[in-house]
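Structure first, commentary second.
The values are calculated or read from the model by the stated rules, or taken from the named source; none is laboratory data. Predicted model only: the values in this text are computed from it and were never measured. We place every Cβ from the backbone using ideal geometry, glycine too, and count neighbours over all the protein chains shown. Please note that ligands, DNA and RNA were not included when accessible areas were found on the heavy atoms of the full protein model with its side chains. Shrake-Rupley method; radii C 1.70, N 1.55, O 1.52, S 1.80 Å.
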Amino acid sequence: MNLSKNLSLKEAIRSKTATRLGIKNLPTTIHVENLKAIANDVFQPLRRFYNTPIYVSSAYRGKALNDAIGGSKNSQHCKGEALDLDADVFGGVKNSEIFYYIKNQLDFDQLIWEFGNDIEPEWVHVSYKKDKPNRKMILKAYRVNGKIHYRNLK
């Protein structure tokens, strides 16, 4: 099943951790609808603009998987409203380029420059709510003594 022209449900629920731990990472119908919205309104415009594959390292995470990886209890991944994108996997475009394209061209709820340095994030987190106003929150994730912190970039 495709969520959009270039993103399948299989890609959106794939997880090496879930496979290793025997966790079934299966979304509900509501989660799939949310995944379709972010796939069509965020992922697909990126894919079309850059005309190159963009790797989705994380999309839907059920509660068991989210707990296993130590994700936030309020993670939008658990609602099917978030994607972690890593353009470096396939090349052709940089993570910083997709970050700024989303920031300047697309609607989003939350956009996070995930770690890396001031020039290039390790990956980009983006969330999108199809039925609510999106907050356009822009953050940068960084670590201090192993603990994750976020700084507002807006």
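If Ile102 meets every condition in (1) over 14 Å from the mean Cα position of the chain (by Cα); (2) part of a helix (DSSP H, G or I) apart from one, which number is that one?
(1)
Out of the residues in the stretch 12-31 that are touching a strand residue (DSSP E or B) at 6+ places or on another chain (Cβ under 9 Å) and buried (at least 18 other Cβ atoms within 10 Å of the Cβ), which is modelled with the lowest pLDDT?
Ser15
Residues that are within 17 Å of Ile102 (Cβ to Cβ) and in contact (Cβ under 8 Å) with a residue 12 or more places away in the chain: does the stretch 6-23 have at least one?
Scanning the stretch 6-23, I find at least one residue that is within 17 Å of Ile102 (Cβ to Cβ) and in contact (Cβ under 8 Å) with a residue 12 or more places away in the chain, so the answer is yes.
Quickly run through the stretch 122-136 and pick out the residues that are over 14 Å from the mean Cα position of the chain (by Cα) and either farther than 16 Å from Ala82 by Cβ or not in a loop (DSSP other than H, G, I, E, B) (or both).
Once the filter is applied, which keeps residues that are over 14 Å from the mean Cα position of the chain (by Cα) and either farther than 16 Å from Ala82 by Cβ or not in a loop (DSSP other than H, G, I, E, B) (or both), the stretch 122-136 yields only Pro133.
When you look at Asn117, is it assigned to a loop (DSSP other than H, G, I, E, B), within 17 Å of Gln44 (Cβ to Cβ) and without any contact (Cβ under 8 Å) to a residue 40 or more places away in the chain, yes or no?
It is false that Asn117 is assigned to a loop (DSSP other than H, G, I, E, B), within 17 Å of Gln44 (Cβ to Cβ) and without any contact (Cβ under 8 Å) to a residue 40 or more places away in the chain.
Please work out which residue is modelled with the highest pLDDT, limiting yourself to the stretch 120-149 and to residues that are within 20 Å of Ser57 (Cα to Cα) and small (Gly, Ala, Ser).
Among them, the one singled out is Ser127.
Is it true that Tyr60 is in contact with a Gly (Cβ under 8 Å, 6 or more places away or on another chain) and under 20 Å from Met1 (Cα atoms)?
Here the answer is yes, as Tyr60 does meet what is asked.
Taking the stretch 79-98 on its own, how many of its residues are farther than 17 Å from Leu3 by Cβ and more than 11 Å from the chain's Cα centre (by Cα)?
Total satisfying the criteria: 12.
Could you pull out the residue among Asn117, Asn152 that is polar (S, T, N, Q), at pLDDT 90 or above, exposed (fewer than 12 other Cβ atoms within 10 Å of the Cβ) and under 21 Å from Val89 (Cα atoms)?
Asn117
Tell me, which residue of the stretch 105-121 that is more than 13 Å from the chain's Cα centre (by Cα) and among the aliphatic types (A, V, I, L, M) is farthest from Arg143 (Cα to Cα)?
Applying the filter and picking the extreme gives Leu106.
Test Ala64 against the stated conditions and say whether it is in contact with an Asp or Glu (Cβ under 8 Å, 6 or more places away or on another chain) and closer than 29 Å to Val144 by Cα.
No: the conditions fail for Ala64.
Can you confirm whether Ala82 is in contact with a helix residue (DSSP H, G or I) (Cβ under 6 Å, 6 or more places away or on another chain), modelled with pLDDT under 95 and surrounded by 15 or more Cβ atoms within 10 Å (Cβ to Cβ)?
No; evaluated as a whole, the condition is false for this residue.
With Val89, Val124, Val93 as the choices, which residue is β-branched (Val, Ile, Thr) and open to solvent by 70 Å² or more (accessible area, probe 1.4 Å)?
Just a single option satisfies the conditions, and that option is Val89.
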